[in-house]
Amino acid sequence: MTTVLISGASIAGPALAYWLNRQGVTTTIVERAPELRTGGQAIDLRGAGREVARRMGIEDAVRAAGTGEKGIEFVDATGKVKGAFAADDFADGNGPTAELEILRGDLARILVDTVADDTEFLFGDSIAEIDDDGDQVHVVFASGIRRSFDFVVISEGMRSRTRRLVFDDADAIRSLGMYTSYFTIPRTETDTDWAAWCSLPGSRSLFLRPDSHGTRRAAFSFMTDEQGFDDLDTSGQKKLLRQRFSDVGWEFPRVLDGMDDADDFYFEGLGQVKLPNWSKGRVVLVGDSAYCASPISGMGTSLSLVGAYVLAGELTGGDGRFARYEATMRPYVDEAQKLPPGAPRIANPKSRLGVRLFNGVIAIASSGLVRTLASRFTSPPAEKFTLPDHPHNVPARPQLGT
Ligand SMILES: Cc1cc2nc3c(=O)[nH]c(=O)nc-3n(C[C@H](O)[C@H](O)[C@H](O)COP(=O)(O)OP(=O)(O)OC[C@H]3O[C@@H](n4cnc5c(N)ncnc54)[C@H](O)[C@@H]3O)c2cc1C
């Protein structure tokens, strides 16, 4: 019986466990957090990612948990709408609001529930030492427990620590010069099911989105050349955002107050992961740890689901398994890592004039005449991949809840 340790219980990890379990592989997932992390905003499932969800039998559950976002309004610093894109303006959900929008935490929950009966979960632990002897990978967890597995898969996100124990990853993260924070705030009577994007001078922005939990999701972002804000503690990061956004009216005071009370606050410097190899011996990377394309790409979740599917199809396939996984995924990843022209600067202009120009372009782009053209620039390249048919691609289990 092949045994696989997967490190990281978010999107890529549990999705991989699902496909491995179906081949009779014994899977264990270790997650550093004491319980499943449910924070984050809505993420899109598009193209091949949506197809993997369908093959896993979770598409109905994902649809049922959808945020119901009706579209995106671009507003100025007083809340005046400058342009809007409705979700149903675009064929097949290919506009800025995808057909399948689900909170990251809800998707992680669905994935974990799907494998809970067949996968061993170790929450509140992590790999402290790892040794690949060519036949097995021996790990020592932070808790002191020692275990051995046939393979170890790292799905710990962009800033994976275990990756550092195995790979030379000093230059792996390419910063996009931007920080983003995600958190949940109370919903008020004036909130609608539309998302609102507000660009501000100083390369700052606020993104507010509806959710399916009776609350609202907020994201502050700012661009800067300064490094190291990831290393601040949560209260330091909240203080930094209060300093950077306290000069604005409209919804900003309410969002700042909500941020102070939020217990799911998540802050990160955005970047992309570029590595020459995604495997070493019997250890392999999947998801953001291998090839993060950044939230700006709109492809993180789709890449994770597709990567998990492809890796599972190769892992049990003998020699050359990881080379085949990489050869299949690389072109899709390369495409996904090409960000829309000018991103992320274009939506985060430096000057007041730049913000006015951006809002002017949005007003034109959202008019009926050029909307279809605009969708070519706003739609990620999710369709540019045909899922290989692996032996594990047998018809999915019945849909959850049926
Ligand atoms: C809390 C959170 C909120 C997010 N919010 C958004 C969002 O709003 N929009 C967006 O586009 N993307 C968001 N992301 C990123 C998004 O989930 C990923 O881009 C994408 O889905 C790829 O997922 P992944 O499974 O590869 O990695 P991630 O989603 O980054 O998950 C990595 C997992 O590994 C765990 N982990 C980290 N280090 C270790 C370790 N040493 N040992 C064990 N476990 C470890 C983490 O706790 C996490 O659960 C968020 C990620 C997290 C963790």
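The values are calculated or read from the model by the stated rules, or taken from the named source; none is laboratory data. It should be emphasised that the depicted structure is a prediction, and the values quoted were computed from it without experimental measurement. Backbone-built Cβ (ideal geometry, glycine too); neighbour counts: all protein chains shown. For accessibility, only protein heavy atoms count, side chains too; no ligands or nucleic acids. Shrake-Rupley method; radii C 1.70, N 1.55, O 1.52, S 1.80 Å.
Among the residues of region 226-242, is there at least one that is modelled with pLDDT under 95, surrounded by 20 or more Cβ atoms within 10 Å (Cβ to Cβ), of a type outside the set (Lys, Arg) and more than 16 Å from the ligand (Cβ to nearest atom)?
No, there is no match, as no residue in region 226-242 is modelled with pLDDT under 95, surrounded by 20 or more Cβ atoms within 10 Å (Cβ to Cβ), of a type outside the set (Lys, Arg) and more than 16 Å from the ligand (Cβ to nearest atom).
So for region 147-163 (the condition being surrounded by fewer than 18 Cβ atoms within 10 Å (Cβ to Cβ), among the acidic types (Asp, Glu) and touching a residue at least 24 places away in the same chain (Cβ under 8 Å)), does at least one residue qualify?
Yes, region 147-163 contains a residue that is surrounded by fewer than 18 Cβ atoms within 10 Å (Cβ to Cβ), among the acidic types (Asp, Glu) and touching a residue at least 24 places away in the same chain (Cβ under 8 Å).
Is there any pair with a first residue in region 266-292 that is among the β-branched types (Val, Ile, Thr) and a second that is away from the ligand (no atom under 13 Å from the Cβ) and not in a strand (DSSP E or B) whose Cβ atoms are under 6 Å apart and which are 6 or more apart or on different chains, and what are they?
Note: pairs meeting the criteria are Val273/Ala172; Val284/Phe322.
In region 125-141, is there at least one residue being within 11 Å of the ligand (Cβ to nearest atom), open to solvent by less than 50 Å² (accessible area, probe 1.4 Å), in contact with a Leu (Cβ under 8 Å, 6 or more places away or on another chain) and closer than 24 Å to Leu270 by Cα?
No, region 125-141 has no match at all.
Could you tell me which residue of region 108-119 is least open to solvent (accessible area, probe 1.4 Å), considering only residues that are within 14 Å of the ligand (Cβ to nearest atom) and farther than 15 Å from Ala308 by Cα?
So, considering only residues that are within 14 Å of the ligand (Cβ to nearest atom) and farther than 15 Å from Ala308 by Cα, the one least open to solvent (accessible area, probe 1.4 Å) is Ile110.
How many residues are away from the ligand (no atom under 14 Å from the Cβ) and among the hydrophobic types (A, V, I, L, M, F, W, C) if we restrict to region 142-171?
Final tally of qualifying residues: 3.
May I ask you to list the residues in region 249-308 that are of a type in the set (D, E, K, R), within 24 Å of Ala170 (Cβ to Cβ) and within 11 Å of the ligand (Cβ to nearest atom)?
Glu268, Asp288
Please identify the pairs in which a residue from region 1-16 that is at positive phi has its Cβ atom under 8 Å from the Cβ atom of a residue that is buried (at least 24 other Cβ atoms within 10 Å of the Cβ) and not in a strand (DSSP E or B), counting only partners at least 6 apart or on another chain.
Going by the 8 Å Cβ cut-off, the qualifying pairs are Gly8/Ser155; Gly8/Glu156; Gly8/Ser160; Gly8/Gly287; Gly8/Ser289.
Out of curiosity, is Lys274 surrounded by fewer than 19 Cβ atoms within 10 Å (Cβ to Cβ) and farther than 30 Å from Asp233 by Cβ?
Judged against the criteria, Lys274 is not a match.
Within region 1-77, considering only helices (runs of 4 or more DSSP H) that don't extend past its boundaries, which have at least 1 residues that are surrounded by 24 or more Cβ atoms within 10 Å (Cβ to Cβ) and more than 13 Å from the ligand (Cβ to nearest atom)?
Ranges flagged: 12-21, 47-56.
Of the residues Gly307, Gly287, Gly317, Gly298, which single one is small (Gly, Ala, Ser), surrounded by fewer than 24 Cβ atoms within 10 Å (Cβ to Cβ) and closer than 27 Å to Asp132 by Cβ?
Unique residue meeting the criteria: Gly317.
Give the number of residues within region 179-195 that are open to solvent by 10 Å² or more (accessible area, probe 1.4 Å) and farther than 19 Å from Asp247 by Cα.
11
Among residues belonging to region 205-215 that are out of contact with any Cys (no Cβ under 9 Å at 6 or more places or on another chain) and touching a residue at least 40 places away in the same chain (Cβ under 8 Å), point out the one that is nearest to the ligand (Cβ to nearest atom). Can you show your working first?
So in region 205-215, the residues out of contact with any Cys (no Cβ under 9 Å at 6 or more places or on another chain) come out as 209-215.
Those left that are additionally touching a residue at least 40 places away in the same chain (Cβ under 8 Å): 209-213.
On the way: Arg209: 9, Pro210: 14, Asp211: 11, Ser212: 14, His213: 14 Å.
Looking at residues that are out of contact with any Cys (no Cβ under 9 Å at 6 or more places or on another chain) and touching a residue at least 40 places away in the same chain (Cβ under 8 Å), I get Arg209.
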